Amino acid sequence: MPEQIFAVLEHADGAPAASAYEAVSLCLTMLEKTEAMIIGVAVGPGAEQAAHAVSTKTGIDVIAASTDSPYNSEVMRHVLGHLAQMHKPAYIVAGGTSQGMDYAPGLAVRLGGSCVSGVRGVEKSEKCLGFVREVQAGKLHALVMAASRPTVLLAQPGVFSGRQWHPSSPGKVETVDIDPYMRRTRNVDVQPRETGKSDLNGAEVIVAVGRGIGKPENLELAEKLATLFNRSAVAGSRPVCDSGWLAYLKQVGITGQTVAPKLYIAAGISGASQHVSAMAGSGFVVSINNDPQAAIFNVSDVCIVEDLVKFIPLLVKSLNTISN
Ligand code: FAD
């Protein structure tokens, strides 16, 4: 009997999230190295609808566990823990989203297993699988072997996207009722995210600033550089938006916008995977960073090791001279 791998299918009221397919895609990557059977698991309101959508698109069998509670990490740990005790999967794979990061470590603890986040690749060594993840803000790759099972894995967002699905037939969907239980937490309120049209989507040139910008007054440097290009916009990394220096609509990253402009200028951005995976589709990347080891340089076409506060005014001056 082959081992089982659970793929946890994140969804919003029945609409599968991109991370659901990324979780299945990581499972299929694991199947290239080990013999196993994939079972999708959808939890929450609309689970059955999500299960049908994913089983049709990917061909995997899916268990749908409907609950009346909107997302809650305690509910996820309870339902997934219950199903894992019944099916004994060797691995439980989920997307490395805010939700995945929220419930996965606790689920591993509950099941007496291990948790590996930020998985970017799979390697087979001797008898067990090893998982590649970034460490040191993307400067190094580590190969991690889990010491206990089940192993809960979080797929690094963006890494396992883009798979073409050609199932020979749709998978089966099984609906289950999980016993009610006493909850210690409940959702009090759900606040919708700031909405509105971001100018990042249509921009051909994005000047993105990170914590290296130092202070909000220095944003003017990025704005001056951006105005030299048609269809341009200024964006920021998460710390810049968390500090309130730019609106969240301007944040590039897994918890912000995914962008693919013709030119991406990254100034004072270290290149953490949560940022890079959302801009890696850019046509040409120019990075300015005073640390020659900055991980952003690994995904850059032009690497400028300079203090951005000194360099950007010189660049603006040179570009102005050329255009006049
Ligand atoms: P830092 O990592 O602090 O880097 C600052 C860089 O500026 C350094 O490389 C430094 O060498 C350089 N620098 C400093 N001074 C200068 C100077 N004068 N001139 C030139 N260079 C200079 N991050 C995102 O961006 N977007 C996301 O959507 C996102 N989502 C996340 C989701 C989760 C679940 C988690 C855990 C993290 C997320 N993060 C996200 C955070 C991410 O891990 C990094 O912490 C963040 O991207 C770092 O931002 P930064 O590069 O601006 O800052």
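Please state which one of SER98, SER117, SER169, SER161 is open to solvent by 40 Å² or more (accessible area, probe 1.4 Å), within 28 Å of SER55 (Cα to Cα) and in contact with a Gly (Cβ under 9 Å, 6 or more places away or on another chain).
Step by step, each of SER98, SER117, SER169, SER161 is checked, and only SER169 is open to solvent by 40 Å² or more (accessible area, probe 1.4 Å), within 28 Å of SER55 (Cα to Cα) and in contact with a Gly (Cβ under 9 Å, 6 or more places away or on another chain).
Return yes or no: is SER273 farther than 13 Å from ARG211 by Cβ, near the ligand (Cβ under 10 Å from one of its atoms), surrounded by 23 or more Cβ atoms within 10 Å (Cβ to Cβ) and not hydrophobic (A, V, I, L, M, F, W, C)?
For SER273, the condition - farther than 13 Å from ARG211 by Cβ, near the ligand (Cβ under 10 Å from one of its atoms), surrounded by 23 or more Cβ atoms within 10 Å (Cβ to Cβ) and not hydrophobic (A, V, I, L, M, F, W, C) - is not met.
Could you list, ordered by first residue, the pairs with Cβ atoms under 6 Å in which the first is in segment 224-239 and within 23 Å of ARG211 (Cβ to Cβ) and charged (D, E, K, R) and the second is more than 14 Å from the ligand (Cβ to nearest atom) and modelled with pLDDT of 95 or more, at least 6 apart or interchain?
LYS224/VAL316
Determine whether segment 176-195 contains at least one residue that is more than 16 Å from the ligand (Cβ to nearest atom), in a loop (DSSP other than H, G, I, E, B) and under 19 Å from ALA278 (Cβ atoms).
Yes - at least one qualifying residue is present in segment 176-195.
For segment 219-270, enumerate the residues that are more than 8 Å from the ligand (Cβ to nearest atom), among the polar types (S, T, N, Q), within 21 Å of SER300 (Cβ to Cβ) and not in a strand (DSSP E or B).
Scanning segment 219-270 gives a single hit, THR258.
Can you tell me which of (1) within 11 Å of the ligand (Cβ to nearest atom); (2) open to solvent by 60 Å² or more (accessible area, probe 1.4 Å) is the one ALA295 doesn't meet?
(2)
Would a scan of segment 89-96 turn up a residue that is within 16 Å of the ligand (Cβ to nearest atom) and assigned to a loop (DSSP other than H, G, I, E, B)?
Among the residues of segment 89-96, at least one is within 16 Å of the ligand (Cβ to nearest atom) and assigned to a loop (DSSP other than H, G, I, E, B), which makes the answer yes.
With VAL176, VAL190 as the choices, which residue is at negative phi, modelled with pLDDT of 85 or more and out of contact with any Lys or Arg (no Cβ under 9 Å at 6 or more places or on another chain)?
VAL176
The values are calculated or read from the model by the stated rules, or taken from the named source; none is laboratory data. All values reported here derive from a predicted model rather than from experimental measurement. No Cβ is skipped: glycine too gets one built from the backbone with ideal geometry, and neighbour counts run over all protein chains shown. Note: areas computed on protein heavy atoms with side chains; ligands, DNA, RNA excluded. Shrake-Rupley method; radii C 1.70, N 1.55, O 1.52, S 1.80 Å.
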